[in-house]
Structures are given as C-alpha cells and as structure tokens.
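Reviewing the structure listed below.
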There are 2 protein chains.
Amino acid sequence: MKHKFKPLDRAPVYVKVCNAIEEDILSGILKEGALLPTEAELCTQFGVTRSSVREGIRLLQQSGLVARGAAKRLVVKSPKASEIAETASRSMALGGATFGEVFETLAMLYPEAARIAAGRLSDEALGALCDVRDGLRDAPPGAADEIVSYAVEFFQQLASGLDNRVMLAMLQSLNLMIGASLRRVIDQTPNAHERILGAQSEIIEALKNRDKNQARAWMTKHIEDLRRGYVVAKVNLDARIL
Amino acid sequence: MKHKFKPLDRAPVYVKVCNAIEEDILSGILKEGALLPTEAELCTQFGVTRSSVREGIRLLQQSGLVARGAAKRLVVKSPKASEIAETASRSMALGGATFGEVFETLAMLYPEAARIAAGRLSDEALGALCDVRDGLRDAPPGAADEIVSYAVEFFQQLASGLDNRVMLAMLQSLNLMIGASLRRVIDQTPNAHERILGAQSEIIEALKNRDKNQARAWMTKHIEDLRRGYVVAKVNLDARIL
DNA sequence: ACATTATGATTGTCGGACAATGTATTTGTG
DNA sequence: CACAAATACATTGTCCGACAATCATAATGT
C-alpha cells in the first residue's frame, strides 16, 4: 500500500499566528476582555519574530477580534452588531452595490421588522421612537440634514428594539448604506418633513397598539413614499453607492 | 482672536498606509484588478519602512480590498457577496449570536425572498433549484449530511436568483450560520428527507407559476417545519452558534 | 499622604539581511 | 529560427537588532 502524505501547511507564518490566536478565541479559551500576552511573549511562545507576530495581529485587529485596550495591551473583543454592520456596508459599497439593490432590500426587510416590533417592542424602545419623532417634529423647516438623521435614527431605534443582534446588524448596515442617498432624496422632495413625520406617527401608533398588520402596512407605505422620493429626485437606481 | 490648531493625526503609520491606499481604491483611482506597486516601491512613495507598509497591507487584506494575485503582486479586489457573508457570519458567531436570533431572522427574510423570487427568477435559476430538488430526491436515505447540504443549497440558489447582491450577502450569511445547527435538527427529525423534499417541490411549483403569495406561503411553511425540528431536536435556542 | 520623578516595560518604527519563490532573460541545442 | 534549459533578477516572507515614544509602576521628596 502506498503511503500518502498530507499536504503541507504552507501558509505564511503571520497567517498561522492569526489562526492560532483566533482558534483559542473561538474555542472559548480566550474570553472577551482577556488580555493577550505582549508581542515579545507571543514571539517566544510561537517561536517567530516580532514582525510576523505583528502582521498576524493586524489581521486579527481588522476582523474585530482584538483591539488595543488600556495600556495598549491587546484585549479580546467580541464584534458588536454596529461594527459588523459597518464593515459589511463598507464592503458592499466597495463591491459595487447600487441604490436599487439597497433600497429593495430595505423595502423587503423593514416592513417585516415593523411587524415583529409590534409584538415585542419594550416601553423604553417605544419611548425612544417617540423621542425621535418629537425631535423630527421640532426640527426647523428646511434642515435637510437633520431630517435625514432623524429619519435614519427612526429606523435605527426600531432595529435596536427588536432585541435580535443578527437582525440588528443587517438593518444597521442598510441604514448606513441608505443614509447618504436619503440626503439627496429629501433635499428635493417637497413636504418630506411632514410626510416622514406622519409616517413615523402612524407607525408608532400601530406599535403602541401591538397591531402587527397595521405596523407593517404603515412601514410599507413609509418606504413606498421614500421610493417615490427617489423617482422625484431622479436618483439613478443603478448607480453605485459611494 | 485666539488661534486654534486642528488636532494632530496621531494614528500609527501602518494605519495611515492602509487609509491612503483604501482612499484611492474608494475614489476609483485604483480600480478592481489594478496592480499595486511592490512593497519596496510603496516604501519609497510613502517614505516609511517595509514593516509599516506590510502591516498596512495586512489590514487591507483582511478587509478584502486587496489580495495577492498572479506573481504575488498585490491586486485590488472588490469584495464579493460570499466573502462579505462569510466575514459577517463569522463575526456574528464570535459576537455571541444565538440559534434563536439566527432562526428568527431566517424566518423573517426567506418568505419575503421567496415572494420576490416568484416575480423575478430566471429560467436558469429555476433550473438550478430543480437540480437541487432532484439531488435531494435521489439522496440515499439516512444521509443526514447530504440532506443538510441540499437544504442549504436550496436556500443558496434561491438567494442567488434574486439578482441583488445586498440581499444575497445577507441571505448567504444566514445560510452559513444556520448550516451547522441544521445538521443536528435533521439528524433527529423523522421524515426530514420527505418533508424538505415536499416543501422544495411546492416552492418550486409556486415559483414556476409566478405565484408570489403561494411561494411566500410555502416558504413560511417550510421554515415553520424546520422550526418544529428545532423543538424536537431539543436545540437550545439561547445557545451560541459555534 | 500626596505630588513628582525616575524606572521599566511595551509598542511603534526604523534599517538591514537573507532564503524561498516566481518572473524574465539568456543560453544552448535541434 | 524555434524551443527547451539554465541563469539572473525581482519580490515576498522571515529574521535580527536597535531606538524613540508612550504608558504604568515604583521610588522619591516634601
């Protein structure tokens, strides 16, 4: 019988360093907040030079698994939804995602999110939504930037209230991607202020009444209204987000 | 009047290197597939040492913006949906996402995805779905692994057919997260093979008829069926994915 | 006891060196 | 001349050593 060799692991050392540390984090040996050894210590433990260790650390750093904490020590981090959303949205933007794709996904997700929210939102979460609505109500007329930020913040608060980190990460990444384009839309839409305010109020009302269908319906209308804004503002839906 | 200084940029050099290159990619100066200079060349251009350049490259590398191409040269990459999905799902797993959160999100997204698919899926995409279904049909009984992979592949093909990279990335990340747990569920569910096969057939039928409501309804049933499997298999929905 | 200073540890950056590897060029041969 | 083989070259991966900057801790002075 012919002996067979396993393929050798020819990955660069810095990749191996990254994988080794990552493995211990994944397996729970290194829990969140744990301090990693110093670079010098890692060198002796792995038997490699500091350059390689440092390059490995950069890989871990960018994937959000470790960060420099107090006293510059390396601490194990567990990626937060907002960070995941940020890197995902950035990657999609770079990957050439278009307004159309983002908006369609938004239109697919948020009505369902509203339906779920109607059955779950805590009083605090509802209060936060009301605060956003009130902030929008009191916004000075013509302040497009403020209107946009309140509009996005409304989505943001709704997503937060769902108490589901996976949903939150996805919805947040959409919020990040839609933010920039929304500015253009609201700039050119008359009555944007009132229309958004009205939609938010109706949605809040439905959420308060725990009326899932109503919440979903109003969210659908709200988004449909935004979509019309895109048409009015002549945003090219095939254009890349940037 | 008191002169005011802007806060100095005290970021480490390797971060600046990363940002500088990233900026040129983002602004379109460096398009996808473009070759970056060699490390030595970057050193002279930035006026820093190779160590710093290399650490900066690691950051870019992990964020999926560059990769080593032919002849080891650095080439600009635009992140693909599958890569975004992979890093996102990994991050969420590390961030402590639970089966419950993933499954709830799945149950929220896929019925809507099916509805959209009914109005859009190309013949090729439908054919791919049929292929998956046929593969599942011909799978030997008791081959849990195969059943799982066909079940996931069905979701995968459906997502691909939507022709929306943002949706695709999100759905794919769910697929990755659900994969492992599905194995346990199907292992312990009697008739899983037939039930999944039946659901796939019904969904395909609805898609062929361009019947959005029917497609959505059957997908909902399909997922509800999987949910029952989770209960039967006594999967703790509050347990972390790992 | 508390503020200040000295000490030490650690990271960030530099410079140079060399082996491994893949590319490009030259050379040899029909 | 065409094509294969050998050579030279360029580039990355890895190592080593050094030092300034920064921050934490210990020592010191009042």
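The values are calculated or read from the model by the stated rules, or taken from the named source; none is laboratory data. Being a predicted model, the structure only gives us computed values, none of them experimental. Here the Cβ is made from the backbone with ideal geometry for all residues, glycine too, and neighbour counts use every protein chain on show. Quick note on the areas: whole protein, heavy atoms, side chains included, nothing else; ligands and nucleic acids left out. Shrake-Rupley method; radii C 1.70, N 1.55, O 1.52, S 1.80 Å.
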Exercise. Restricting attention to the stretch A:128-144, report how many residues are over 22 Å from the mean Cα position of the chain (by Cα), open to solvent by 30 Å² or more (accessible area, probe 1.4 Å) and on the phi < 0 side of the Ramachandran plot.
Key: 5
Self-check item: Matching option when the condition is touching a Pro at 6+ places or on another chain (Cβ under 9 Å), within 16 Å of DNA strand D (Cβ to nearest atom) and of a type in the set (D, E, K, R), among A:GLU41, A:GLU55, A:GLU112
Solution: A:GLU55
Quiz item: Within the set of pairs 6 or more residues apart or between chains, which connect a residue that is more than 8 Å from chain B (Cβ to nearest Cβ) inside the stretch A:14-30 to a residue that is among the acidic types (Asp, Glu) and away from DNA strand D (no atom under 16 Å from the Cβ) with Cβ atoms less than 6 Å apart?
Solution: A:LEU30/A:ASP24
Self-check item: Pick from the stretch A:29-38, criterion more than 12 Å from DNA strand D (Cβ to nearest atom) and under 30 Å from the mean Cα position of the chain (by Cα), ranking: least open to solvent (accessible area, probe 1.4 Å)
Solution: A:LEU36
Practice problem: Name the one entry in B:LYS72, B:LYS6 that is at pLDDT below 90, more than 15 Å from DNA strand D (Cβ to nearest atom) and over 24 Å from B:ALA88 (Cα atoms). | Solution: B:LYS6
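Among A:ILE147, A:ILE84, A:ILE116, A:ILE57, which is the only one that is among the β-branched types (Val, Ile, Thr), under 17 Å from the mean Cα position of the chain (by Cα) and either open to solvent by less than 50 Å² (accessible area, probe 1.4 Å) or farther than 22 Å from A:SER173 by Cβ (or both)? Walk me through how you get there before you give the answer.
Numbers: A:ILE147 fails: under 17 Å from the mean Cα position of the chain (by Cα); A:ILE116 fails: under 17 Å from the mean Cα position of the chain (by Cα); A:ILE57 fails: under 17 Å from the mean Cα position of the chain (by Cα).
Being among the β-branched types (Val, Ile, Thr), under 17 Å from the mean Cα position of the chain (by Cα) and either open to solvent by less than 50 Å² (accessible area, probe 1.4 Å) or farther than 22 Å from A:SER173 by Cβ (or both) holds for just one of A:ILE147, A:ILE84, A:ILE116, A:ILE57, which is A:ILE84.
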Practice problem: Mind listing just one residue for me: the one in the stretch B:99-108 that is more than 7 Å from chain A (Cβ to nearest Cβ) and surrounded by 20 or more Cβ atoms within 10 Å (Cβ to Cβ) and, of those, nearest to B:ASN164 (Cα to Cα)? | Solution: B:LEU106
Quiz prompt | Residue count for the stretch B:10-28, restricted to those that are open to solvent by less than 70 Å² (accessible area, probe 1.4 Å), in a helix (DSSP H, G or I) and more than 14 Å from DNA strand D (Cβ to nearest atom) | solution = 6
Exercise. Name the residue, out of B:SER78, B:SER63, B:SER51, B:SER91, that is within 13 Å of DNA strand C (Cβ to nearest atom) and polar (S, T, N, Q).
Key: B:SER51
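Does the stretch B:156-167 contain any residue that is among the hydrophobic types (A, V, I, L, M, F, W, C) and away from chain A (no Cβ under 13 Å)? Don't jump to the end; show me each part of the working.
The initial filter retains those residues of the stretch B:156-167 that are among the hydrophobic types (A, V, I, L, M, F, W, C), namely B:158-159, B:162, B:166-167.
In the following step, the residues that additionally are away from chain A (no Cβ under 13 Å) were identified as B:158.
Scanning the stretch B:156-167, I find at least one residue that is among the hydrophobic types (A, V, I, L, M, F, W, C) and away from chain A (no Cβ under 13 Å), so the answer is yes.
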